[in-house]
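Trainee: Okay, here's the structure, questions in a sec.
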Amino acid sequence: MSILPRFVADVMLGSLSRWLRLFGFDTLYRNDFTDRELIKISLQEDRIVLTRDNALAMSRLLKKVLLIQSETIKEQIKEVLSTIPISFDLLSLRPRCPVCNGETESIMKEKLKGEIPDYVAFSNQEFMICKACGKIYWHGTHKDRIDKIKKEILKKLK
Ligand SMILES: [Zn+2]
């Protein structure tokens with residue numbers, strides 16, 4: 001498996017960041033990153049800067065930057081994915097936590113007693129927990145919706 005590209009996104013790209021995390025990409029985002037911080041993080045951690053800002057995209061300090069042109073989230077995701085050589089199955093990547101970018105892992109339902117509502121425990125078998133913030137995710141309608149959008153976007157890329 002090839003090494004996945006990692007990103008750092010500017011303040012305009014909050015939802016794109018959450019989506020890239022759900023796809024499984026390590027994506028840093030804060031709603032108060034300054035241009036200086038974005039450049040520093042990009043260089044220090046070898047991350048691609050995602051930005052809506054022409055001036056930043058033109059910066060000669062940056063080696064890796066992608067100017068996001070579209071306003072809509074699906075198009076934005078496509079813009080990112082179409083620039084990376086995809087030699088792996090995107091749908092097989094483990095999602096990262098959309099809230100904090102932490103890695104997630106599967107967790108047994110039995111370990112979640114008292115942490116999730118009964119009806120959720122009853123109607124779901126697979127659970128994930130964020131190793132960083134502890135947020136719990138399950139494969140309900142939310143997951144299905146996300147997978148549907150993922151497939152839709154991937155189909156358009158081909
Ligand atoms: Zn988290």
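Trainee: Does the range 138-150 include one or more residues that are outside the structural domain of residue 23 (by TED's automatic domain parsing), under 20 Å from residue 5 (Cα atoms) and not aromatic (Phe, Trp, Tyr)?
Mentor: Just the residues of the range 138-150 that are outside the structural domain of residue 23 (by TED's automatic domain parsing), to begin with: 138-150.
Remaining after also requiring under 20 Å from residue 5 (Cα atoms): 150.
Of the ones still in play, those that are also not aromatic (Phe, Trp, Tyr) are 150.
There is at least one residue in the range 138-150 that is outside the structural domain of residue 23 (by TED's automatic domain parsing), under 20 Å from residue 5 (Cα atoms) and not aromatic (Phe, Trp, Tyr).
Trainee: Turning to a different aspect of this structure: What are the residues in the range 109-158 that are within 16 Å of the ligand (Cβ to nearest atom), outside any helix (DSSP H, G or I) and of a type outside the set (Val, Ile, Thr), if any?
Mentor: 115, 127, 128, 130, 131, 132, 133, 134, 135, 137, 138
Trainee: Assess whether residue 27 counts as being outside the structural domain of residue 148 (by TED's automatic domain parsing) and surrounded by fewer than 18 Cβ atoms within 10 Å (Cβ to Cβ).
Mentor: Here the answer is no, as residue 27 does not meet what is asked.
Trainee: Within the set of pairs 6 or more residues apart or between chains, which connect a residue that is on the phi > 0 side of the Ramachandran plot inside the range 30-41 to a residue that is β-branched (Val, Ile, Thr) and outside any helix (DSSP H, G or I) with Cβ atoms less than 8 Å apart?
Mentor: Matching pairs, first to second residue: none at all.
Trainee: Output the number of the condition that residue 51 fails; it satisfies all remaining conditions of (1) within 16 Å of the ligand (Cβ to nearest atom); (2) within 23 Å of residue 16 (Cβ to Cβ).
Mentor: (1)
Trainee: Examine the range 45-53 for a residue that is surrounded by fewer than 15 Cβ atoms within 10 Å (Cβ to Cβ) and either acidic (Asp, Glu) or outside the structural domain of residue 128 (by TED's automatic domain parsing) (or both), and state whether such a residue exists.
Mentor: Scanning the range 45-53, I find at least one residue that is surrounded by fewer than 15 Cβ atoms within 10 Å (Cβ to Cβ) and either acidic (Asp, Glu) or outside the structural domain of residue 128 (by TED's automatic domain parsing) (or both), so the answer is yes.
Trainee: Being open to solvent by 80 Å² or more (accessible area, probe 1.4 Å), of a type in the set (Val, Ile, Thr) and farther than 20 Å from residue 148 by Cα narrows it down to one of 120, 99, 65, so name that one.
Mentor: Result of the check over 120, 99, 65: 99.
Trainee: Hey, another quick one. Hey, which of the strands (runs of 3 or more DSSP E) in the range 1-73, taking only ones fully inside, have at least 1 residues that are farther than 21 Å from residue 95 by Cβ and of a type in the set (A, V, I, L, M)?
Mentor: Here the list reads 48-51, 65-67.
The values are calculated or read from the model by the stated rules, or taken from the named source; none is laboratory data. Bear in mind the structure is a predicted one, so any value in this text is a computation, not a measurement. All Cβ positions, glycine included, derive from the backbone under ideal geometry; neighbour counts span all protein chains shown. The area values use the complete protein model at the heavy-atom level, side chains included, leaving out ligands, DNA and RNA. Shrake-Rupley method; radii C 1.70, N 1.55, O 1.52, S 1.80 Å.
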